[in-house]
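Below is one structure; the comments refer to it alone.
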Amino acid sequence: MDIDIYEDFEEIRVKDVYIVDVFNDPTPVVLLENLKGEMLPIYIGHLEALSIGNVLKNISPPRPMAHDLMVNIFDRLGIKIEA
(Lines give C-alpha, C1' and ligand atoms only; values in the text may rest on other atoms or scores of the structure.)
Protein backbone atom coordinates (compact mmCIF):
# COMPACT_ATOMS: atom_id res chain seq x y z
CA MET A 1 0.00 0.00 0.00
CA ASP A 2 1.54 3.30 -1.14
CA ILE A 3 0.51 6.19 1.10
CA ASP A 4 1.44 9.75 0.20
CA ILE A 5 2.04 11.35 3.58
CA TYR A 6 2.39 14.77 1.94
CA GLU A 7 -0.99 14.86 0.19
CA ASP A 8 -2.46 17.21 2.82
CA PHE A 9 0.58 19.52 2.93
CA GLU A 10 0.27 23.00 1.54
CA GLU A 11 3.06 25.20 0.19
CA ILE A 12 3.75 28.27 2.29
CA ARG A 13 6.35 31.00 2.07
CA VAL A 14 7.86 33.40 4.55
CA LYS A 15 6.50 36.78 3.50
CA ASP A 16 8.61 38.84 5.90
CA VAL A 17 9.49 39.54 9.52
CA TYR A 18 7.80 42.44 11.26
CA ILE A 19 7.85 44.10 14.67
CA VAL A 20 4.37 44.62 16.14
CA ASP A 21 3.33 46.45 19.29
CA VAL A 22 1.79 43.96 21.73
CA PHE A 23 0.70 45.73 24.91
CA ASN A 24 3.43 48.37 24.46
CA ASP A 25 6.06 45.64 23.99
CA PRO A 26 7.68 45.41 20.52
CA THR A 27 7.35 41.78 19.46
CA PRO A 28 8.76 40.14 16.31
CA VAL A 29 6.34 38.29 14.04
CA VAL A 30 7.16 36.11 11.04
CA LEU A 31 4.35 36.25 8.49
CA LEU A 32 3.69 33.09 6.47
CA GLU A 33 1.63 33.14 3.27
CA ASN A 34 0.11 30.30 1.24
CA LEU A 35 -0.50 30.30 -2.52
CA LYS A 36 -4.07 31.62 -2.00
CA GLY A 37 -2.73 34.71 -0.24
CA GLU A 38 -3.91 33.62 3.20
CA MET A 39 -1.51 34.66 5.93
CA LEU A 40 -0.50 33.28 9.32
CA PRO A 41 1.45 35.39 11.83
CA ILE A 42 3.75 33.53 14.23
CA TYR A 43 5.23 35.37 17.18
CA ILE A 44 8.95 34.63 17.54
CA GLY A 45 11.93 35.77 19.56
CA HIS A 46 14.19 38.67 18.67
CA LEU A 47 17.17 36.46 17.78
CA GLU A 48 15.02 34.26 15.54
CA ALA A 49 13.65 37.37 13.83
CA LEU A 50 17.18 38.60 13.20
CA SER A 51 18.23 35.23 11.71
CA ILE A 52 15.17 34.95 9.46
CA GLY A 53 15.52 38.59 8.36
CA ASN A 54 19.18 38.05 7.48
CA VAL A 55 18.29 35.06 5.29
CA LEU A 56 15.54 37.02 3.53
CA LYS A 57 18.02 39.85 2.86
CA ASN A 58 20.86 37.47 1.85
CA ILE A 59 23.05 38.68 4.71
CA SER A 60 25.61 36.12 5.89
CA PRO A 61 26.81 36.09 9.50
CA PRO A 62 30.59 36.03 10.14
CA ARG A 63 30.41 32.37 11.21
CA PRO A 64 27.96 29.51 10.52
CA MET A 65 24.89 29.32 12.73
CA ALA A 66 23.06 26.20 13.98
CA HIS A 67 20.46 26.40 11.20
CA ASP A 68 23.30 26.45 8.64
CA LEU A 69 24.08 22.90 9.78
CA MET A 70 20.51 21.87 8.97
CA VAL A 71 20.72 23.47 5.52
CA ASN A 72 23.96 21.58 4.85
CA ILE A 73 22.37 18.31 5.97
CA PHE A 74 19.37 18.93 3.69
CA ASP A 75 21.71 19.69 0.79
CA ARG A 76 23.62 16.43 1.30
CA LEU A 77 20.35 14.46 1.48
CA GLY A 78 19.04 16.13 -1.67
CA ILE A 79 16.19 17.91 0.14
CA LYS A 80 15.24 21.17 -1.57
CA ILE A 81 14.37 24.26 0.46
CA GLU A 82 13.02 27.27 -1.40
CA ALA A 83 13.24 30.75 0.07
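The values are calculated or read from the model by the stated rules, or taken from the named source; none is laboratory data. Note that this is a predicted model, so its numbers are computed, not measured. Only protein heavy atoms, including side chains, enter the accessible area calculation; ligands, DNA and RNA are left aside. Shrake-Rupley method; radii C 1.70, N 1.55, O 1.52, S 1.80 Å.
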Please list, in chain and number order, the residues 5+ apart from L32 or on another chain whose amide H is under 5 Å from its amide H, with Hs placed from the backbone.
K15, L40, I42
Heavy-atom accessible area of K57, protein chains in place, probe 1.4 angstrom, given in Å² to nearest 10, is 150
Report the accessible area of M39, computed with a 1.4 Å probe over the heavy atoms of all protein chains in place, in Å² rounded to the nearest 10.
100
Order by accessible surface, 1.4 Å probe, largest leading, for residues F23, F9, F74 comes to F23, F9, F74
Provide the per residue accessible area, probe 1.4 Å, for the chain, rounded to a whole number of square angstrom.
89
Helix 66-77 versus the longest principal axis of the chain: what angle, 0 to 90°, nearest 10, using Cα atoms?
20
How far is helix 46-56 tilted, in degrees, relative to the longest principal axis of the Cα atoms in the chain, given as a value from 0 to 90 rounded to the nearest 10?
60
Cα gyration tensor category, rounded, prolate or oblate, for segment 13-54 with a/c compared to 1.5
oblate
Semi-axes of the equivalent ellipsoid for the chain, Cα gyration tensor, largest first, Å
26, 21, 10
